[in-house]
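What follows is a short report on a single structure.
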Amino acid sequence: MLKIGAVLPLTGAIASYGVEAWNGLRMAVDAFDADLPVQLEVRDNASDVATTERECLGLIQGWGASVLVGAVGSTNAAAAAHIAQREAVPLVAPGASHEDVTKAGEYVSRTCFIDPEQARALAHFMHANLGLVRAVIVEDQGSAYSLGLSQNFGSELTSLGGEVISRERFATGESDFTSLIHKVRDLKPDVVFLPGYYGDIGPMLAQSREAWKDTVLLGGDGLDSPRLMELAGELRAPLFLSTHFAADEDRPGVERFVARYQRRFKAAPGAFAALGHDAGALVLDAVGRAGDVSPEALKNAINQTHQLEGLTGSLAMGPDRHPDAKQIVILRVGADGRRFEARI
């Protein structure tokens with residue numbers, strides 16, 4: 001029997017990501033057509049590092065997991081990666097884009113692109129596709145995800161001939177962004193780059209509606225949540241974000257997945273649903289090549305994946321155990337939802 005343990009945020013600050021990833025993972029396992037029985041168990045890490053570590057250990061030592069899927073968010077995934085590597089059990093992170101996550105060791109891989117890649121893609125989109133030059137970056141001073149995106153975006157934009165005219169900072173959980181919003185408005189940028197998570201950026205956008213109406217807004221995959229627009233309300237400025245998947249993109253398998261997901265969960269799938277599905281698909285594809293379900297055999301087969309096409313693109317593992325040369329999807333977000341804009 002293959003025992004897949006999932007550690008995902010079903011509650012807490014980034015719960016929408018975890019719920020989607022769990023939905024996608026279940027769909028991948030349900031579609032698995034083989035004689036091998038698969039047992040699936042999920043634990044809620046409540047978007048918390050200490051809980052992530054405890055639940056990973058529980059699944060490995062108490063439940064006997066052959067492989068782990070999780071966590072979501074780079075900080076939690078790094079904690080899970082540390083446990084998986086120490087316990088010699090493979091872990092596949094669906095959505096953990098900080099480049100250091102897989103550096104924990106050979107038992108850790110992921111299905112998503114890494115932050116430097118999406119930051120560079122956003123800089124190219126701003127400069128080449130939108131023809132814009134001057135940007136203000138608004139970064140979360142306590143988030144490795146936000147600071148990594150900020151640094152790579154700024155470096156790439158500068159190399160393309162653009163300009164970062166200011167870097168402004170906020171702290172996770174802030175509720176009043178009035179001073180920051182007015183300062184950014186007075187700088188008159190072409191673009192405001194918002195490398196953060198939807199729980200903070202949504203309220204910021206709600207407060208900035210009139211002040212930022214004459215600029216373009218850019219963000220990373222941390223904004224790709226149905227909750228973003230619930231928090232932001234009506235936008236007066238165009239918003240583009242980089243992500244992993246677009247439900248309306250014309251790609252093989254996407255339309256069928258979207259229809260199945262909507263029938264089952266009564267909602268359109270977002271990026272983390274597709275990433276969760278791809279994490280499951282990566283594990284199950286590896287099972288067919290591993291020869292057995294021992295953690296070491298599964299780890300080797302996952303790391304040797306070279307010809308697997310997922311919902312989010314190619315899942316060919318590179319030397320750092322994340323997909324090589326994975327393209328980035330750009331969405332346009334507005335009152336009519338999230339729409340495919342480009343693939344970079």
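For the set R339, R321, the ranking by accessible area, highest first and with no ligand, DNA or RNA atoms included, is R339, R321 under a 1.4 Å probe.
For K3, the accessible area of its heavy atoms, probed at 1.4 Å with every protein chain present, is near 50 square angstrom.
Heavy-atom accessible area for Y107, with the other protein chains in place and a 1.4 Å probe, reaches approximately 30 Å². Compactness of segment 1-102 was expressed as the Cα radius of gyration divided by 2.2 N^0.38 Å, which yields 0.99.
Between the alpha-carbon centres of segment 26-102 and segment 130-167 there is a gap of 32 Å. Counting only protein chain heavy atoms and rolling a 1.4 Å probe, the accessible areas of D176, D248 rank, largest first, as D176, D248.
The candidate values were [x] 116; [y] 131; [z] 191; the one computed from these coordinates for volume of the Cα convex hull per residue in Å³ carries the label [x]. Note on exposure: W212, W63 ranked by accessible area (1.4 Å probe, complete protein assembly) read W63, W212, with the most exposed listed first.
Taking a ≥ b ≥ c as the square roots of the eigenvalues of the Cα gyration tensor, segment 253-344 is oblate, since a/c reaches 1.5 or more and a/b is not larger than b/c.
The heavy atoms of D221 present about 10 square angstrom of accessible area, all protein chains included, probe 1.4 Å.
The Cβ shell under 9 Å around F170 holds other residues with a net charge of -4, Lys and Arg each +1, Asp and Glu each -1. The number of Lys pairs in the chain with C-alpha atoms less than 16 Å apart, excluding pairs fewer than 8 positions apart on the same chain, is 4.
Taking amide H positions as modeled 1.01 Å from N, with prolines and chain starts lacking one, the residues under 5 Å from V216 and 5 or more places away or on another chain are V191, V192. Taking every full run of DSSP H in the chain, the ones that stretch at least 27 Å from end to end by Cα along their long axis and average 0.0 or higher on the Kyte-Doolittle scale are 271-290.
The values are calculated or read from the model by the stated rules, or taken from the named source; none is laboratory data. What you see is a predicted model; the values in this text were computed from it and never measured. For neighbour counting, all protein chains shown are included, and Cβ atoms are generated from backbone atoms with ideal geometry for every residue, glycine included. Side chains are part of the model used for accessible areas, which takes the heavy atoms of the whole protein and leaves out ligands, DNA and RNA. Shrake-Rupley method; radii C 1.70, N 1.55, O 1.52, S 1.80 Å.
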